[in-house]
1. Given the condition at positive phi and over 27 Å from the mean Cα position of the chain (by Cα), answer yes or no: does some residue in the range 116-127 qualify?
2. Do we find a residue being at pLDDT below 90 and of a type in the set (A, V, I, L, M, F, W, C) anywhere in the range 158-181?
3. Just to be sure before I move on: is residue 102 surrounded by 14 or more Cβ atoms within 10 Å (Cβ to Cβ) and either of a type in the set (Lys, Arg) or at pLDDT below 50 (or both) in the structure I sent?
4. Just to be sure before I move on: is residue 130 closer than 14 Å to residue 89 by Cβ and of a type in the set (Val, Ile, Thr) in the structure I sent?
5. Among the listed residues 97, 86, 122, 171, which satisfies the condition of being in contact (Cβ under 8 Å) with a residue 40 or more places away in the chain and touching a Gly at 6+ places or on another chain (Cβ under 9 Å)?
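The values are calculated or read from the model by the stated rules, or taken from the named source; none is laboratory data. Because the structure is predicted, anything quoted here is derived from the model rather than measured. With ideal geometry, Cβ positions are generated from the backbone for all residues, glycine too; neighbour counts draw on all protein chains shown.
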Amino acid sequence: MPAKLAQSLRQRSRPTLARGAVAIALGTAIAGCRPSPPPQSETLNPTPPTSADSAPETPAAQPTESPTPTPAAPSNTPTATLPNALIREWQPLSNVLLAFGPMTLTPDQVQWSSGQVSPYTLISTEGGYVLELEASPSFYDTQNRYIKLIPKADATAESIEVAFYTDDTQLQNDEYIMYGGYFAE
């Protein structure tokens with residue numbers, strides 16, 4: 001009986017030893033994957049500790065790479081919001097826009113008095129201010145995803161022209177489906 005007990009214990013301990021060996025091997029492999037800190041040079045820590053009983057040494061600051069400079073933004077990169085001169089209520093000047101009523105621009109949405117309202121994102125400032133309308137309001141049964149606000153050349157910005165586009169292709173080709181003017185009171 002004692003021989004059988006010893007044999008049983010040896011058979012049970014082999015899988016346990018094998019699992020332990022696998023766990024140790026995995027732990028070593030994982031630890032080997034961690035990046036090691038770069039060696040400290042004398043220029044970073046020029047004064048070594050003077051005695052063994054001094055306060056524990058804090059690690060020296062590691063040099064950091066200077067960030068790669070980003071290229072300058074192109075001139076047509078939009079600003080975060082529309083210029084303050086455009087943030088206001090605009091009255092329709094063109095007959096095509098009379099049905100929609102006044103247009104109110106805020107820093108984050110455009111609204112027409114006919115009930116159309118949409119948050120927008122300023123996506124370009126080339127040739128005007130191109131707004132991507134998140135709600136794609138519908139005018140004359142056509143959804144419009146983009147509008148381009150084109151302020152008049154005068155410095156007072158008392159009038160603007162607005163071009164309406166249904167999709168990216170029309171916008172890129174400047175093929176608006178509706179065009180009209182607004183003025184500020």
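1. no
2. Checked the range 158-181: no residue is at pLDDT below 90 and of a type in the set (A, V, I, L, M, F, W, C).
3. no
4. No: the conditions fail for residue 130.
5. 97
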